[in-house]
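Notes follow once the structure below has been shown.
The values are calculated or read from the model by the stated rules, or taken from the named source; none is laboratory data. Just so it is clear, the structure is predicted and the values come from calculations on it, not from any experiment. Neighbour counts run over all protein chains shown; Cβ positions are idealised from the backbone, glycine included. What goes into the accessible areas is simple: the full protein's heavy atoms, side chains included, and nothing from ligands, DNA or RNA. Shrake-Rupley method; radii C 1.70, N 1.55, O 1.52, S 1.80 Å.
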Amino acid sequence: MAPFRAPTTASRESPQRLLVFAVVIAALYLGREVFAPLALALLLTIAALPALGWLERRRVPRILAVLLVMGLFLGVVGGLVYVVLTQALALAAELPNYESVLRGKLQAISQEGSGPIDGVMRLVKRLGEALSPPETTAAPTVAIAASDQGPLSALFGMAVLIIAPIATFAITLLLMAFILVQREDLRDRVLRLAGLHEMHRTTGAMADATTRLGRFLLMQAMINGIFGFSMGMGLWLLGVPNAPLWGALGFGLRFIPFLGAPLSVLFPLIVAFATTEGWTTVLLVIALFAVVDVIVTYVLEPWLYGSSMGITPLALLLASAFWAVMWGPLGLILAPAMTACLVILGRHVRSLAFLDVLLGDTPPLPAPARFYQRLLADDAANAAALVGNEAARLGIQPVLEQMVMPAIAQISSDRPNEAFGPALAIRASRALTRVMEVVAPGADGHAEILVVPVAGALDLAAAAVAVAALQEAGQLATLSPEDAPEPAVIVVVSAIEAPARRLERALVQAEKISARVVVFAATEEAAQALYRRPQTAPQTSLAGLVAEVEQASADITASVSPDWDQGAVPPALMNANPP
């Protein structure tokens, strides 16, 4: 069995690659006023492609189809903005009517001398007095009061706050319209820049990005709509004022990963606290959010999303922080889609494969490598759990062949390495032996097959694997001579290139105990050593070992229990005609 080996060649282009990444990150940060609207326009374009394609398949002209899609999008956004503004103004007009309710609750919480808030404030005050330095006479200071800003300056500052997002939205819509109209020309230019010799990779990446992102954006809008509608209806039934506002706010804020949903319930919670008598409504709002969020997050999202994103939760969290630093709140909203694009690039571009490893949800290590790493860490419990999980999916025999035997071969291959060393090889071998004791605890009753290691911890681990394979095939095999005092078959197992004298002694002792000796070489190194011994043909696979042992057991059974005894008529004469 050959060892597995991951690619370990170090790239000489790593410094240049890091420099390129640093330049790209700096450009994205410095050009965020341009790149952020462009990214948003690309994502909205991908989301609009299904509707645009549906219109064009019905022979609607391109320009008219784009105008219809843009009008639909503006109608949805305008409707949400209208609901938010009208409901917010209505809430602002009604808040003074709830002053008495809010005042009563605050007085109940912070009663003079007995309320919980008052007690906490007094405790903080006492701790501050104990930690503060002794008072010293401070020198008189002269403060120059700043002149109050005029109304024109305040109005200008408010206009800047309002106009900036409107300008970003307008630029996004303009870019979206141009991309939808000239999307074939833009696609061809991207293909030309990527290189005609890599056209198949670029085409696959573009198709994958369009499919995954389109489905994700559609499902995200649908799920957020369900969340906002459910929260709005629930708050309306609970009697919380301006329930449509909180439903629309929940729909919009939930596009922000991780933080959006908790932020969306904070505002109706404050309103319920300020506008309703008692604490029942406040607790019901919390319960409503918990039920809706659990159903949406743990039932609807796995059902509708499936594997459309391909991003791990930790990667999405780190990417959200990164894009928030790069592009602010808009980057936080775009983080899932931008991270998905990076994962898709990593899957289709070889030089960016590390992005798929860092951010993607595909297993970073194959099962044999994970099993081998657990052995190196002397973690027999997790290694046995990994074997059990894979055996439940594939069966014991394939797992032993595909996962355990490559680990033995890898230990044998790495053992001469100076950085690896004999001590680590012995520790990993003993861990493997403990794993096999869990997989194959031992033969029930009198064993007929004795498995004998030549020497060393790795040979013992390979012998334990052989016992597990034989027991899975229905053979009574054991490592303990006490459980097989008179074995019918002896299996001699070697996993390393043992000294010729030791190998010869093990084989001679086995032949003295039983006439049927089967030799099993767990690695190519051990097989080469056994081939040098005359008249020795070792088995090099578990399947071959099991087949030879079964044949030997059948031969022994046939020789001990013949088909007829002395008093019986031979089978060849039973059908003979009488003379």
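Miscellaneous remarks
- Of the helices (runs of 4 or more DSSP H) contained entirely in segment 329-427, those carrying at least 3 residues that are free of Cβ contacts under 8 Å to residues at least 12 places away in the same chain and surrounded by fewer than 20 Cβ atoms within 10 Å (Cβ to Cβ) fall at 353-359, 380-394.
- Selection of segment 455-486 for residues being touching a strand residue (DSSP E or B) at 6+ places or on another chain (Cβ under 7 Å) and open to solvent by 20 Å² or more (accessible area, probe 1.4 Å) yields Leu460, Gln471, Gln475, Leu476, Leu479, Pro481.
- Residue within segment 542-564 that is in contact with a Leu (Cβ under 9 Å, 6 or more places away or on another chain) and among the polar types (S, T, N, Q) present: no
- Applying the criterion of at least 2 residues that are at pLDDT below 80 and closer than 30 Å to Ile411 by Cβ to the helices (runs of 4 or more DSSP H) found wholly in segment 482-579 leaves 500-513, 524-531.
- Residue under evaluation Phe289, criteria (1) of a type in the set (Phe, Trp, Tyr); (2) in a helix (DSSP H, G or I); (3) at pLDDT below 90, criterion not met: (3)
- All conditions but one from (1) on the phi < 0 side of the Ramachandran plot; (2) surrounded by 20 or more Cβ atoms within 10 Å (Cβ to Cβ) apply to Asn242; the one that does not is (1).
- Taken over segment 271-297, the criterion of being more than 20 Å from Met233 (Cβ to Cβ) and loosely packed, with under 15 Cβ neighbours inside 10 Å is satisfied by Glu277, Gly278, Trp279.
- Among residues of segment 196-244 being hydroxyl-bearing (Ser, Thr, Tyr) and over 17 Å from Leu43 (Cα atoms), the one that is farthest from the chain's Cα centre (by Cα) is Ser230.
- Subset tally (residues that are within 18 Å of Leu352 (Cα to Cα) and of a type in the set (S, T, N, Q)) for segment 186-224: 2
- Yes/no for Ala440 being open to solvent by less than 20 Å² (accessible area, probe 1.4 Å), touching a Ser or Thr at 6+ places or on another chain (Cβ under 8 Å) and either among the polar types (S, T, N, Q) or at pLDDT below 90 (or both): no
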